[in-house]
Amino acid sequence: MTPTPTLQELIENVKADASGSDALQLLAQASRTVAEFEEVGDALLGHFVDHCRQSGQSWSEISTALGVSKQAAHKRYSLGAPTFERFTPRARAALGRAADEARGLGHGFVGTEHLLLALFEPPESVAARVLSESGVARAAAQEQILMVMERGTNTDEQVRPFTVRAVAALRDAVEEALQQGHNYIGTEHILLALSREGDAVAPRVLAALGVSRDDVSHRVVQILAGYKTD
């Protein structure tokens, strides 16, 4: 079995990767390291849960292996991404680009960070306009992402469709649309979901860039009102 890094080894890695030796710089790097472990860990568990399901294992067996209750395992890992019939063509295209973004960064999974990068195109989409009007450039977003998640080494064409947190964000996008009385899910609803406070990479990146959910919501309303009056 490959040995797990010891605490001391992790501490030394944080010191080596930090931008300086100041206590706050070290803490920030430690936070980024933990976030990366969490994202990769979600993808790792999701991959093997999927493998177990495809192999015919029951949720009782899977929950026993995970050391959690059957209800907890089923709730976290059985929720696939929502069906995409009500997603607009641009929103569906963004989901496809997210996989391309993951491959481009050498990641073997599609997380919230890849969904965020995918929303910068096309520039006329509502999400891209909100990001632009918020002063957020794609390069700046990717730079922030790479401060949390380093480039990976995955060279496979295939990537795991969505991490647990990415699936949750897509379900939140459906909820955002319903709350606004919309009968479709567009790029703006995905961005609203990604801007909700949380531990996933995308909301952390948006917060670091000075973008809040309230700001996104305000700009979305303004843009959509413009569409209605044009």
Just to check your reading of the model, which residue among Ser217, Ser212 is in contact (Cβ under 8 Å) with a residue 24 or more places away in the chain and of a type outside the set (Lys, Arg)? Ser217
Would you mind finding the one in Val211, Val220, Val201 that is in the same structural domain as His114 (by TED's automatic domain parsing), under 26 Å from Thr33 (Cβ atoms), of a type in the set (Val, Ile, Thr) and surrounded by fewer than 24 Cβ atoms within 10 Å (Cβ to Cβ)? Val211
Reported set for the stretch 178-201 where residues are small (Gly, Ala, Ser), within 20 Å of Glu85 (Cβ to Cβ) and without any contact (Cβ under 8 Å) to a residue 24 or more places away in the chain is Gly181
Might you let me know whether the stretch 115-122 holds any residue that is crowded, with 19+ Cβ neighbours inside 10 Å and farther than 24 Å from Leu45 by Cβ? yes
The condition from (1) over 20 Å from Val34 (Cα atoms); (2) of a type outside the set (A, V, I, L, M); (3) at pLDDT 85 or above that Asp156 misses is numbered (3)
Please list, ordered by first then second residue, the pairs with beta carbon atoms under 6 Å, 6 or more apart or interchain, first in the stretch 130-151 and farther than 24 Å from His189 by Cβ and assigned by TED's automatic domain parsing to the domain that holds His107, second among the hydroxyl-bearing types (Ser, Thr, Tyr) and in a helix (DSSP H, G or I). none
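Residue by residue, here is whether (1) over 17 Å from the mean Cα position of the chain (by Cα); (2) of a type in the set (Val, Ile, Thr); (3) part of a helix (DSSP H, G or I) holds:
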| residue | (1), (2), (3) |
| --- | --- |
| Ala140 | no, no, yes |
| Phe162 | no, no, no |
| Arg171 | no, no, yes |
| Asn183 | yes, no, no |
Within the stretch 125-138, restricting attention to residues that are touching a helix residue (DSSP H, G or I) at 6+ places or on another chain (Cβ under 9 Å) and in a loop (DSSP other than H, G, I, E, B), which residue is surrounded by the most Cβ atoms within 10 Å (Cβ to Cβ)? Ser125
Sole residue being at pLDDT below 75, within 18 Å of Pro161 (Cα to Cα) and not basic (Lys, Arg), chosen from Leu79, Leu95: Leu79
Across the stretch 185-221, which residue is modelled with the lowest pLDDT among those that are in contact with a Pro (Cβ under 9 Å, 6 or more places away or on another chain) and part of a loop (DSSP other than H, G, I, E, B)? Glu197
State which residue is modelled with the lowest pLDDT when the search covers only the stretch 50-74 and only residues that are assigned to a helix (DSSP H, G or I) and under 24 Å from Pro5 (Cβ atoms). Leu66
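The values are calculated or read from the model by the stated rules, or taken from the named source; none is laboratory data. Bear in mind the structure is a predicted one, so any value in this text is a computation, not a measurement. Here Cβ is always computed from backbone atoms with ideal geometry, including for glycine, and neighbour counts include all displayed protein chains.
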